[in-house]
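The values are calculated or read from the model by the stated rules, or taken from the named source; none is laboratory data. Quantities reported herein were computed from a predicted structural model and do not represent experimental measurements. As a convention, Cβ positions derive from the backbone with ideal geometry for all residues, glycine included, and neighbour counts pool all protein chains shown. Side chains are part of the model used for accessible areas, which takes the heavy atoms of the whole protein and leaves out ligands, DNA and RNA. Shrake-Rupley method; radii C 1.70, N 1.55, O 1.52, S 1.80 Å.
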Amino acid sequence: MIQAFIPGFLLGFSLILAIGAQNAFLLRQGLRGQHVFSLALTCALSDALLIVGGVAGFSQLMEMAPWLGPVMRYLGAAFLVVYGLRSLIAAWRGQAGLNPADSSDSPFWPAFVTCLALTWLNPHVYLDTVVLLGSVSSQYGPGAWVFGLGAATASFVFFFSLGYGARALRPFFARPASWRILDLVIAVIMWAIAVGLVIGE
């Protein structure tokens, strides 16, 4: 059992370690301390569902309906362009800053919908979780589900660590200049991913 769980955990963790659209969004929410638990849980559960689909052989759907790939790619790219533009505007205005005494909170549902879109409209998520993890899990035979459990556990560990670990950076991001840099970096990340989706990389 452990021989399948550990490889699943390590591979799953390595696939989500790189900064991407979903991670950048959760980091931003973690810095603000807004809806961290719900959004981290949403990211982790989404990954777990995709991993279950991959282990169960759901990747065959992409072969049966090849048109899904281009549709998801362009929808994801369009969403990332818009979200990146929003971050760029926020960086340009430069009015953001974390105030420990500020208890104001942003609405949950817009943040939740954005989190879902960043997760489910990203074709790379399907390539990593459904296709890659699904294909690797098949090498473990009866232990394929244990491998998937390891990968899903890595998602929970990573997203909750990212969301709540961001609090350690709150003093740094109390300065508007630091927040402007973060927004600018997020915009660049979003657009870079969007370009990669359009050109098929």
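With helices defined as uninterrupted DSSP H runs, which ones in the chain have an alpha carbon span along their own long axis of at least 27 Å and mean Kyte-Doolittle hydropathy of at least 0.0?
Span-like helices in the chain: 36-55, 68-93, 144-165, 176-198.
Identify the residues of the stretch 156-196 with backbone N under 19 Å of a label point that sits 7 angstrom from the Cα of ARG86 along the Cα-to-Cβ direction, or state none.
Within reach of a label on ARG86, which here means backbone N under 19 Å from a point 7 Å along Cα→Cβ, the stretch 156-196 contributes 163, 179-195.
Please compute the Kirkwood hydrodynamic radius over the chain, one decimal place, Å, based on all pairs of different Cα atoms.
In the chain this quantity evaluates to 17.6 Å.
With a 1.4 Å probe and every protein chain left in place, work out the accessible area per residue of the chain in Å², rounded to a whole number.
I get 52 Å² per residue for this part.
Between MET1 and ARG167, what is 0.36 nm times their sequence separation minus the Cα-Cα distance? Round to one decimal in nm.
Residue separation times 0.36 nm, minus the Cα-Cα distance, leaves 56.2 nm.
Multiplying the sequence separation of LEU17 and ALA177 by 0.36 nm and subtracting their Cα-Cα distance, what value in nm do you get?
55.0 nm
Tell me the Kirkwood radius of the stretch 113-196: reciprocal of the mean inverse pair distance over distinct alpha-carbon atoms, in Å.
It is 15.6 Å.
For the chain, what does the helix formula give at 222 nm: sum of -39500 (n - 2.57) over DSSP H segments with n ≥ 4, over the residue count, nearest 500 deg cm²/dmol?
Counting only the DSSP helices, I get -23000 deg cm²/dmol.
Using the Karplus equation 6.51 cos²θ - 1.76 cosθ + 1.60 (θ = phi - 60°), what ³J(HN,Hα) coupling, rounded to whole Hz, does each residue of the stretch 126-138 give in order, writing x for Gly and Pro?
5, 5, 6, 7, 6, 7, 5, 5, x, 5, 5, 4, 5
Hey, in the GNM for the chain with a 10 angstrom Cα cutoff, which one of LEU80, LEU121, LEU49 fluctuates hardest?
LEU49
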